[in-house]
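Just so it is clear, none of the values below were taken in a lab; they were calculated from the coordinates. These figures come from a predicted structure and were not determined experimentally. Here the Cβ is made from the backbone with ideal geometry for all residues, glycine too, and neighbour counts use every protein chain on show.
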Amino acid sequence: MFTQILDPTGNLFVTWLVALIPVAALLFMLAGLRWSAWVATLVGSLVTLVLGLLVWKMPLDQGILAYLYGSATGVWNVDWITFWGVMLFNTLVVTGTFDKLRRWLIAQGTQDIRVQTILFAWAFGALLEGLVGFGYPWAFVAPILIALGIPDLDAIRVAAIANNAPVSYGALGAPIIALAAVTGYNLLDLSGSISKIVAILALLPPWILLYLVSGKEGMWGAWPLAVVGSLGYIAGQLPVGVYLGPYLPDVAGSIVCFICVLMLLKVWRPAQVLAYGGKPVVAASSSATGHGLSLADMGQAWLPIAVLIAVVVAWTGPWSKLPGIVLVQLQVTAASSISEGAKIAAVFKWTPFVGGSAILASFIIVALLLRISRQQLVEIFAKTWSQMWGALLVGVFIFGLAYVYNFSGMAASLAKAFSSLGTAFIVVAPILGFIGVALSGSNTSTNAMFGKFQALVGQILGFPPLLLPTVNSVGAEIGKPVAPQTASVGVSTTRFVRNEGEVIRHNFGWCLAVLVYLIVISVACYLFFPGIMVPSVAK
């Protein structure tokens, strides 16, 4: 068995610098050279493999196996779910179902910009993030907000800030699935711990959104919207994330939020109807224009969401044996350099009934119910492949990189160096997640890169096991509005195409404010509620 070397250079500081090379190289290629993500992760994974072989003395055969098992995990655990999730979403777009859903939603809002912002940016944005992610919530929400009178740049910022809280559960839980794969922690435990932090985080963004569209007085004049909007989302996402897993918290949170806000509007409306900037709307009517949809149209608009929820809950819930069926398990094991007697394993499990298979089943049912034609099916597949082939390759290479980085001992060496910060590392952990996603553009990739490293630092310092991986993932949520790759997709439907820099600068200040809020949450959780970050098997 290969035994990891903690300090292969004989100088821990030099070892720390060498261990940073793969991360620094990857982020430089993405943010500095602006290479495509799949090219950067391919080169970065090869750099990692070479360093593991030459510096950390990882055996070639075992290193290659670790890389292959990591790549296979990326394909089956992440690519499989994101591909079919986008296929399902594109089915809604191609068949016109998505447009019906959008029209129905717009008709529910009053002319008040604050109501519209909570419904469209906060609730509808969370639904889109939960289904597809990858910056598409910005791309779909920003044009709606622009049509409602918000200037382009401000509309993009509102869509981006509203997207903060839902990102960890984006693309049907792909970031948390990635985190579980690299850390080895139970998927449901990680989903639950992240849900709890996200629930606290989600209390803030609706207030920011109201302030951004109507100013201080407009925000306080519509405070029930902020309270109901945040608590409605939390009421949906928290129990689903804790008890069912990472696939549907955003979808459930958005739907419960819709219901709660619409119920609120039945009994309460803002005293004065405001347009963007807090300006009163002259001769305002009580509601928006009608949607022009028949009852059958409205049923069709919500049918795919209902099918998705029913299939995924039945398929992946704690009562289901399907996700636990393992037909093939391959692994290569090394002796840990951190804990004597402990082992680090690079494992690939082929579980045919993972969450991605549930999404595939949902897609098939929806396609049959909507009676899509062969021509539409070809169009949906071509559209999805065009959008996703690069992201699918990233899943292959980033997991190969992460597995080799962990298996070779590089993650352990880096963790040992960072552990010298002591308990102050609790402040650094969410910042690393923020930086990782700001440069890589992907919460999934950030969790794959930093998840195991964060877990090892926590192990060395005696933190609750789930705490640092959790705040890494939530920190990555907050960095999305300043990620160039996310912004490039998000601005694709506005006049800021290829002008992402201005958008990022416009978003940056509020992102830092939310990051500070997360750091306060992280410190408070460590000091006062460490028990909520302990895996269920350890309680």
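How large is the helix-only mean residue ellipticity at 222 nm for the chain, computed as the sum of -39500 (n - 2.57) over DSSP H runs with n ≥ 4, divided by its residue count, in deg cm²/dmol to the nearest 500? Dividing the helical sum by the residues of the chain leaves -22000 deg cm²/dmol.
If a/c stays under 1.5 just call it rounded; otherwise compare a/b with b/c (prolate if a/b is bigger, oblate if not). Do that for the range 334-405, with a ≥ b ≥ c from the square roots of the Cα gyration tensor eigenvalues. Since a/c reaches 1.5 but b/c is at least a/b, the shape of the range 334-405 is classed as oblate. In the range 417-457, the C-alpha radius of gyration followed by the widest Cα-Cα span (Dmax) gives 10.3, 29 angstrom. Once the C-beta distance of LEU53 and ALA147 is scaled by a Förster radius of 60 Å, the resulting FRET efficiency is 0.60 to the nearest 0.05. At an R0 of 45 angstrom, the distance between the Cβ atoms of VAL281 and TYR243 translates into a FRET efficiency of 0.60.
Which pairs in the list LYS196/LYS452; LYS100/LYS196; LYS196/LYS480; LYS100/LYS349; LYS321/LYS452; LYS196/LYS216 are over 31 Å apart, alpha-carbon to alpha-carbon? Distance filter (> 31 Å) returns LYS100/LYS196; LYS100/LYS349.
For the residues MET1, MET533, MET298, what sequence is obtained by ranking on other C-beta atoms within 10 Å, fewest first?
Lowest to highest Cβ neighbour count: MET1, MET298, MET533.
In the chain, the longest principal axis of the Cα atoms and the axis of helix 136-147 are about 20 degrees apart. Cβ-Cβ distance of GLN375 and ALA524, R₀ of 41 Å, FRET efficiency by 1/(1 + (r/R0)^6): the value works out to about 0.15. Multiplying the residue separation of MET298 and VAL267 by 0.36 nm and removing their Cα-Cα distance gives an extension gain of 8.8 nm.
The aspartates and glutamates within cross-link reach of LYS383, meaning a Cα-to-Cα straight distance under 18 Å and a gap of 8 or more places when in the same chain, are ASP79, ASP99. Extension gain for SER386 to LEU512 (0.36 nm times residue separation, less C-alpha to C-alpha distance): 42.0 nm. Name all residues of the range 389-414 having a backbone nitrogen under 15 Å from the label point set 7 Å from the Cα of LEU12 along its Cα→Cβ direction, giving them as ranges. Label zone hits: 412-414.
Along its principal axes, the chain has C-alpha extents of 76, 51, 46 angstrom, given from the largest down.
Listing TRP138, TRP319, TRP268, TRP80 from fewest to most neighbouring C-beta atoms within 10 Å gives TRP319, TRP268, TRP80, TRP138.
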